[in-house]
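Take a look at the structure set out below.
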Amino acid sequence: MAESSTRTIFGLLAAGVVGVTAASPAWAEVRAPETEVATESPNAVPAELLLGRSRPTPSAGWRYWPSVLEPRGASELSVALVPPSASAPVPRGPQPLSEPDAAWVASLELPDLPVRIDARVVEYLRFYRDSERGRAMAREWALRSGRFVAAIRARLAAAKLPLDLVWLSLVESGHDPSIRSRAGALGLWQFMPGTARLYGLEVNRWVDERHDPELSTQAAVQFLSDLRERFGSWELAMAAYNMGPGGLGRSIQKYNTNDYWRLSRYEAGIPWETALYVPKIMATALVMNNRQAFGLDDVAPAEPEARDTVTLAAGRTLAEMAQVTGVPLPELLRRNPQLIARRAPPASGGPRAWRVHLPPGKGAVLSAHLAALPSNRAAENAVAAGAVVTGVAGTGVAGAGVAGTGVAGAGVAGAGVAGALAVAAVEDGAALEEAPAVDPLPAVARVVVVPARRFRYTTRRTLFYEVVAGETLAAIAARFRVTPAELLLWNDVDRAARLQPGQVLQLFLPEAQPLTGVRHWTPAEVSVLVAGSPEFYEYFEGRAGRVRVVVAARRGDTLTRIGDRYGLRSGVMERINQRSRREVLTAGEEVVVYVKPWRAAQIGGERVRVPAPAPNAAASSAPAPEAKASVPARSFSSEGAR
């Protein structure tokens, strides 16, 4: 929780750090000598989302808003206490705050995790404050938060990560280490098996350490640290945790923006679940840092479960431990869900000790009896050979002492996020299938995607530069003798995020400026597509062998029903249209589908239109920053998160 009033949104406004100016048009026209530009202020936060009135002009006070709110340094589960992706009604555009709401939001203490007062964040805040279901959920989460929050925060602090990342795990699992998603993610941090193994967790027929709160927390801290290092901003890191770093990287390259908030508004930019995931975590962090404001100050968090931790030799069983300690076997099973075969795994690749958790004081009881228990190599060898022994009387338990209570213990070998991780999909239904197709622009070697903004210069030339790994905005600006602010103006770039290899920056340089030895492309060497333009649809969907078609909903339709008619999974329909599959649509409402050309020809009377290329798309105005931009999805693999 913040320590002073200046850490509240209200405090920032009062202190003059954040400024709100008089009303200005949604799109500010910026004019300078020899230039005429129609654009929005780079990375400005729309004031409508905070105060429900004017959008700020590029002022000295407002431009520091992102850095003030960004201090440096779930899967959809089938469980009542974990909200599904669309549990709260989430707007698809700016939702002005009433004056009372504006004052209430402005008074909230900020977490140490970067927070943006986006429309979706505000809608979740309203859900937790005003909805009966939301209030009940927030109270249950506040109760559960006592079990693991202190221990997780200690791990985050040791890794120098924001302490409020703890709420990511609460959103993921409701702090239930046994929870499993429909996609196969499991545990406190909802790791998928492949990522769990990559970060040092055992996942096999004998043991699944994703169930272990301590070990999975160590793995999650390393994973999040690697994602932050790779993508630069916490918004992108959290999005990558949900949808997978490879999938996010492909979205960044396709839409040519590393701004999470931009990607989350594009049609099919990222999965609908991921578009809600980051706002949900931010809202949860705000709720848990402002418990009184949300009526949670009377909720006493549950006490952490005290335990002793003992190590078992390979092949030893929980039944043996129950016999020695007198702890009922069901209690041992509850405390040790990671031992899915009810025993320590067999020896393979050398000896290893396995962690087992007991009620307080029982670790010492076990240790006192270890010397008196005989060993049984035959039993261990039988297990190692593949025979499942469910309870061998007389076998011994090799103890390695008591590790104490609470979260403590062994480290997990971390692995860097280098390239694409071999992980399964967060939700299979959100992946768009790849399909070979003839490139619609076969004569052009390179396609460059630019923002939907107009730039006209009388004495400058246009060129394009492809980012390579490790490059920064400042370094590129210096190389081309421009300012970072100009690069932000000309491109959809988040100043807080890391530039990703393959992003292409457009620049406008003086005609006389020499470029010897500086690699670049000229407009004659590329084909330029405007993000969200009809040509963009045609090119990217054409590469996948699909056509973008807008159809009219029938009475009582949902995205799921329409998807069934056109052979599209519910997750794909959500991703394309950026709305819930369960929402009942109005008759005649337009819905986008991506279909094969032969199916598009058969749509008939239900078909509304296939967008035709616009004559001057490159000079069209850009959409408002919080409006849903219409951009089609490229082909995606089924890679997902955790």
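Please compare each pair in 160/254; 280/596; 254/596 to a cut-off of 28 Å on the Cα-Cα distance and tell me which ones are over it.
160/254; 280/596
For residue 359, what is the net charge nearby, where nearby means another residue's Cβ is under 10 Å from its Cβ and Lys, Arg count +1, Asp, Glu -1?
Working: positive: 307, 335, 362; negative: 305, 308, 331.
Net of charged neighbours comes to 0.
Compare the peptides 522-534, 231-243, 542-554 by average per-residue count of other Cβ atoms within 10 angstrom and give them in order, highest first.
Per-residue Cβ counts within 10 Å, averaged per peptide and sorted highest first, yield 231-243, 542-554, 522-534.
Using the heavy atoms of the protein chains and a 1.4 angstrom probe, tell me the accessible area per residue for the stretch 182-266 in square angstrom.
Accessible area per residue, the stretch 182-266: 20 Å².
If you plug each phi of the stretch 562-568 into the Karplus form 6.51 cos²θ - 1.76 cosθ + 1.60 with θ = phi - 60°, what whole-Hz ³J(HN,Hα) values come out, in order, with x for Gly and Pro?
My calculation for the stretch 562-568 gives 5, x, 4, 5, 10, x, 10 Hz in order.
How large is the charge dipole for the stretch 130-250, taken about the Cα centre, if only the Cβ atoms of Lys, Arg (+1) and Asp, Glu (-1) carry charge, to the nearest 20 debye? Each step should come with its number before you reach the end.
On the way: 16 positive and 14 negative charges, 18 e Å.
For the stretch 130-250, the charge dipole is close to 80 debye.
Sequence-distant or interchain residues sharing an amide H contact under 5 Å with residue 355, placed H: which?
Residues meeting the amide H criterion: 312.
Name the long-range amide H neighbours of residue 494: under 5 Å, sequence gap of 5 or more, or other chain; modelled H, no Pro or chain starts.
The answer is 258, 259.
Which far-off residues, 5 or more places away or on another chain, put their amide H under 5 Å from the one on residue 531, with H placed in the peptide plane?
450, 452
If packing is taken as the mean number of other Cβ atoms within 10 Å per residue, what is the order of 152-162, 245-255, 175-185, highest first?
245-255, 175-185, 152-162
Can you give the accessible area of residue 586, probe radius 1.4 Å, in Å² rounded to 10?
The accessible area comes out at roughly 90 Å².
The values are calculated or read from the model by the stated rules, or taken from the named source; none is laboratory data. As the structure is a prediction and not an experimental result, all values here were calculated from the model. Using ideal geometry, Cβ is built from the backbone for each residue, glycine included, and neighbour counts are taken over all protein chains shown. The area values use the complete protein model at the heavy-atom level, side chains included, leaving out ligands, DNA and RNA. Shrake-Rupley method; radii C 1.70, N 1.55, O 1.52, S 1.80 Å.
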